[in-house]
Structure formats: C-alpha cells, structure tokens
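Have a look at the structure below, then the notes.
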Amino acid sequence: MSTAGLKCPCCGSSSIVEDDHHAHRQMVCVDCGAVVSEGALTHDFFEGTDVSYSRTTAVSKKPCLNQIKGQQRLTALCRVLRVNAEVETLSSTYFAQAYEHESFLKVSLQKKENLAGCCVLVSCRQLNWPVTMGTIACLLEADIAILGAVYQEMMKVLKVEAPLVNVSDVMEAHCQEYKISSLDVHEDLAEDRKDLNKRALSLVELAADSWILTGRQPVPLMMATVYLAWQSLNPNHIRLKVSLEKFCLIAKVKKNRVAVKRVSEIKGVLCKLGKEIPWVTDPVTSDNVVKHVGDIVKNRYALLRSAMRSHEEAMRDSQEEEVNPSEADDQTPHATSENSEMAEQPREGNESNANQNPVPNWGKRMLFAPPCVIHPKRRRAALEGLKDVTGDEDISDGEIESYIRTPREAREFAVTQKAWLSQSEEAKCQ
Amino acid sequence: MTCKMWVWVFIMIGLDAAGPVSNSGKSCSVLGKSWMAARASRVIMDESALERYFDDSIANDSGFLNGDDADLPSTPDPLPRSPKPSGELADDLDLSFLPDELSANACDAEGSGSGGGVALASHHEAEAEDRPSSSSSHLANDSAIFCPMTPMTPMTPMTPMTERSGIVPQLQNIVSTVNLGCPLDLKFIALQARNAEYNPKRFAAVIMRIREPRTTALIFSSGKMVCTGAKSEEQSRLAARKYARVVQKLGFPARFLDFKIQNMVASCDVCFPIRLEGLVLTHQQFSSYEPELFPGLIYRMVKPRIVLLIFVSGKVVLTGAKERGEIYEAFENIYPILRGFRKQ
C-alpha cells in the first residue's frame, strides 16, 4: 500500500510504494528507486501462552541478605550471652516478625542490628533470663538511648510485654566480669567470686530497701556494691586505700562516674545503720564504716528496725521541743516582753522555713528517703503570670503594636539580613 | 538523652494519648464517681461516718433506724429494731426529690426500707459533705441503675474511698490549635513582626512569642496555628486571640475559627516515696518501668485516657487530657494505688 506522508530522502517525491524484495518488505520510491525503509526481518509475534515470567519462574520470597545477616548477628549474641535454645528460637521468631513490619523495613542497618539485640532482650526477659539493656548495648556497641527507642517501638509492634529485670538476678552475671580471683591479681587484693557475689547481693538489697535503687540505672549501683563488698571482705589498709577508679583498673572493668556517687550514698546508709551497732563505741563515719560492713550486713534487719525506732524517738523529741517554747509563751503572757519576743522569733523562723519549703521537709524528716528528695534540684521560681483570666478580655492596640516593627525598622532589618546572607555566601564559596 | 528530648517525649506521649473526643457525660461521670464513693463508703462505713449516721438517725425519728436495719446486714446492730410496715416508712421519709418510680419502688420492693434508707443515707452523706444540690438531682438520674441488693463489684482496688487526697494537680502547660482561616506569607510576617523567628530550612513555620500570657505559637502558611505554654485554658484562649490580632494588624484577614485545646499537662506531689518496682509488678498491663532508660514509671490509665509519669520522689506528671476534669479524675484514681505502695 502506498503510504502518505513519507518523503524520499534522495529526490523528495512523496510517491512511495511497498514492494517485496524476496519476501522482504521494503518501501521504495517510484521516481528514483531509493529504499526508504525496510521492515524487520521477522514481524511475526511469538504466539505463546499468556503467562508472565515471574509467574513461571518465580520462587517463594527469600529473606533478603540483611535479614540473614541480622539473624546471624542474633545467634551470635545468643551464643555470647550463653542463653538456652528456647530463648534463641523465641528471639529468632520475634526478629522475623518485627523485620517484616513496616516500621522496620526502611531503616538504617544500625537500627536493624539494634532490633536484633532488642529481640534477644525481650526473649530473655520473658523466659526469666536476667540480662540488662546495658549489656546488650555494650555487645552491640550501640548507644543505650537509641537501643531503648528501638526497644519501645518493637514492643509496640509485636504487642508483647516483658517483666522487669531484677537487679539481684543480674548481680551474679555482673560479678563475673570482675577479674579479681587469686589467679589474676596479687594475694592481698584477690577475692573469691562467691563471697564477693554474696556480700554485694546483700548490699544491693540494703540499697533497694533504703530507696537508693529505685529509678536509677542498675549498673553503677552494682559496681558500687561490688567495690564496697571487695573492700569490706578484707578491710586491710591496702584495700581501704584503693579508690573506685583504681579498683576498676585492677579488675579490668570500664569505670563509671556515677558509681562514685552511689558509693557515697551507700556509705551514708551504712553509717546510719552502723550507729545502731551496740558494741561499737567510736563514732561511725564514712571512713571507718567499711570495717563494720560485715556486721551491718549480717544483722541488717535488726539494725534497720532499731534505726527506725531511734529516729522516731528523735522526731518526737524535736517536736516536743518545738511545742514547749510556745507553751511557755502562752503561760506567761505578762512576762517580760523581751523573753516572749525571743521565744517567738525562733518559732517564727521555724514557721517561715516550713512555709518556704514545705515539700523537701518531708524528705528530711524520714530516716531513709530517695536522694532526689533529700537534695532537691533548685528550680527557678515560676513567674507569676495572669490569674483569673476569662479569655475574652479586650486586647489593647498598644500591646499588639509593640509586637510589630516600624516601617523603618523593617527596612533596616531587611537590609542587614541581605548583607549578612551575602557575606555568609561569600564565606561559603571561599 | 538531653532534657529537651525528654520534653519532646512528654509531648509525644501526650499526643499519643490524645484519643477520640471524650463523651459529653464527663461532668456526670465525675459526680457519678463521688456518688459511687458515697455508696461504697456506706457499705464499708468507717467509724466517723457510722457515728454521723447514727447521730442523724437518733436526732430524727425512728424511721431511719428501720431503714438502717435492712441495709447494713454485715455490721452488727447495736440497737434492737422492730421492722415497721413500709407504708409508715414512706410517710416518715421525705422522698419528694426522688422521681416517682423510686418512691414507688421503695414501697414495693423487698428491701423497701433499705431502699429508702439507703437513699436517705446517701442523701445525708451528701449533706454532711456539703455537696451542691445537683447531687440530689443526679441521685434521681442514677436511680434507674440503683439496685440496693446487688453486691458491690468494684473496678478499682478496694480501698476506703471516704478520704479524698486533698492534693490538686497544678496545670503546667496547655497546647491548643486554632485556624486563622486565610493563607499567610511567612516571610512577610517574619520581616514585619518583632517577636517572630523563621528558618524555613529547619521548620516550615514562624515561631512567635508574646510576653503576657507567656506563650509560644507556631504559625503555618496554611493559616493554622498552634499555641503552647499557657497555664490555663482561658490564658491559652487569650494568647491565641493576641496572636490572631498580631497577624490581623500585619494586614491579613485573620479570623478565629475552631479554637480547640489539644493537650493539658499537670503535675503534683504526693509527699511520700513510691516503690516503682512493686507498682510495675501489680499493674503490669498499664505500667512501663525501664530504669535503664527513664527514671520514672509510665502509667497509661485507660479510664480516663491519661498518661501518668510517676517518680520515686512522689512527684506525678499527668498528660494527655483534653479537659481539666480528666486530670483530676486520673489523679483521684491513682492516689489510692500509690498509697498502697507507700510503706517501706
């Protein structure tokens, strides 16, 4: 058939016909004989069945490479922590489940690694295998805050709950990290692991009873208790001189700033209990309390009770003292005015103190209170804002004007902003 | 995590907790709770209430004693009573404030004396505590569900509900939104307003601040605005209106549409230390306590839908409320639970 619109490139004529050259279809110009275009050598479609490639050759969805790597990391973690097979299988299933979820599909590789750690953590918790988040973070070399965020998200996705980790359970695993058996260090500094563990455990229980443990990170506290236990099991002058930092060097453990604070807090509690020991005559201070730790720990419940009792008596005595001056005041209204004024002033002082900070008083009144209550953070006094606002009051124009720039100010600001922008661009180019 | 990140955590927890619009019977539920308290207290009857009740009954005629006989089966009756016919009872008791069906029921039902007596006991309880007169009217409202003989099935742990906590949570922050109803030129606003900052690469809104009430607003180019930092609902509304006026003065046809409080944050102190480990054991389905991540316990209360952050020092932060009443209700719910974890 003749085609319209095609022009011969040689002579420009538009009469082009289709011609077959040995069954090879060609478009030929009638006037000059040039071949305009050739057809394909074959133009028969392959008339096969209507099945696409993916349907005939597709394989069931294999886990991608990253997921396989993640599972390997997970099993490696389990081996390091030496958990049993149940924990391993459970964590594998959790990982497979969570990995498929949309919130974990397009995230960084680090987050996927953290996810593996979190699955192990959750399975350990559910099957009563004590592991702290700090340990997992350490093994993965991840930031505990990021790990925590991934953990919370994973819990929401998998809709599981995990019971709280008991610090006492973790103590034994924690103690194993410290290399102070007689094989590692000098005889004077060496300590048997079981004794150390036992003593540290009782110190942890004491800390838990006296509000030092609740709400705090467990690792610094565990370190502090191990240190004090080590010192107190053999309180010779060598050990007493060793500071916490040096102890960490000896035991080849990473040091912790917060543990120092915990040591002083536990020592404070021990001092309070040490005062109650009947056969100790010297005053118990934080320097010499370590000697008595053995006795304190052995009789801690009795000492606690006796400390509470003597504290109650002390409180009652001080309350009576407060009442007495006021009674004397009432009884002698006609007494010399100076006396009554003097009696009034300390009472007023007490009252004004009570009015200014009534809240921290309750912490100071108790024998054992959480340290954040005994030493409260100083807060800026809240600015006294509007009270009794109806919300529908008139808004003065002057006030609103004060928030708007004058035209001149606006111009100056625009000019300086442009100048500053051009300056920063120049600096960037250079 | 820095402090700032924890602020965002609080806001996110609050926004996360923001659920569907609360039912309109909010005030009813608060009063309903106090009525339940009255009923529960009548059943548990601590000494002071019992004394008051007996004083009242002795002061009035013996109709009360008959009522008391039937509705306190557990407590031993110190005074011997003879059951009087119910018709006499109806004459003695003033049932005028109750709807007809209850007074009819009081005559007919098996525990008729108890029904009247109980209603009166609640009424006296209400009087003794100086409740507003609305309580008697809604006693009538709740009379339809009132069944004197059914056993109490409390939904919260059974603690003596006669004592209120006496602590009122203080509002710390209100977040509200409003639609100014017109598109805005943010560059122009940032140029013309003194108290505005605009960094489009960092955030797509103008951040504007006013001094009184001390608040911050995020103003978007669509005309929508978020106002934060106010300490009460009225202050938030006033602040939002001031921002709208500033935008108006800059030349935009701003209006004040759909003002809505989105989140309220409050805090208070119960003044005793709390055993968080114990609380997470007994209330595991509501609490989340990870000392390695955050020192406080996160308690997600179901009714009302509020998130509470409970700390060992006894300080409690409540967030996620759309109305003030939800915060008060949530605190009154949690206070007896916390009291249970008080002793060392």
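Structural remarks
- Qualifying residue in region B:298-320 (condition: assigned to a helix (DSSP H, G or I) and not polar (S, T, N, Q)): no
- A count restricted to region A:83-113 and to residues that are in a helix (DSSP H, G or I) and within 20 Å of residue A:126 (Cβ to Cβ) stands at 16.
- Condition broken by residue B:230, with the remaining ones in (1) more than 10 Å from every other protein chain (Cβ to nearest Cβ); (2) under 30 Å from residue B:200 (Cα atoms); (3) touching a residue at least 40 places away in the same chain (Cβ under 8 Å) satisfied: (1)
- Counting only helices (runs of 4 or more DSSP H) wholly contained in region A:312-430, the ones carrying 3 or more residues that are at pLDDT below 85 and within 14 Å of chain B (Cβ to nearest Cβ) occupy A:358-365, A:371-374.
- Unique residue being within 20 Å of residue A:374 (Cβ to Cβ), more than 14 Å from every other protein chain (Cβ to nearest Cβ), crowded, with 19+ Cβ neighbours inside 10 Å and not β-branched (Val, Ile, Thr) when the list is A:251, A:207, A:224, A:200: A:224
- Among (1) surrounded by fewer than 16 Cβ atoms within 10 Å (Cβ to Cβ); (2) without any contact (Cβ under 8 Å) to a residue 24 or more places away in the chain, the one test that residue A:322 misses: (2)
- Residues being more than 11 Å from residue B:181 (Cβ to Cβ) and either facing chain A (nearest Cβ under 8 Å) or buried (at least 24 other Cβ atoms within 10 Å of the Cβ) (or both) - total across region B:241-256: 7
- Selection count where residues are farther than 19 Å from residue A:215 by Cα, within 10 Å of chain B (Cβ to nearest Cβ) and in contact with a Ser or Thr (Cβ under 9 Å, 6 or more places away or on another chain), scope region A:131-155: 1
- Matching option when the condition is more than 9 Å from chain A (Cβ to nearest Cβ) and within 31 Å of the chain's Cα centre (by Cα), among B:298, B:274, B:207: B:298
- Within region B:310-341, being surrounded by fewer than 21 Cβ atoms within 10 Å (Cβ to Cβ) and within 11 Å of chain A (Cβ to nearest Cβ) holds for B:315, B:341.
To keep it simple, each residue is scored yes or no on (1) part of a helix (DSSP H, G or I); (2) free of Cβ contacts under 8 Å to residues at least 24 places away in the same chain.
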residue	(1), (2)
A:163	no, no
A:168	yes, no
A:178	no, no
A:183	no, yes
A:186	no, yes
A:196	yes, no
A:205	yes, no
A:213	no, no
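The values are calculated or read from the model by the stated rules, or taken from the named source; none is laboratory data. Please read these numbers as outputs of a predicted model, since none were measured by experiment. Positions of Cβ are generated from backbone atoms using ideal geometry, with glycine treated the same way; all protein chains shown enter the neighbour counts.
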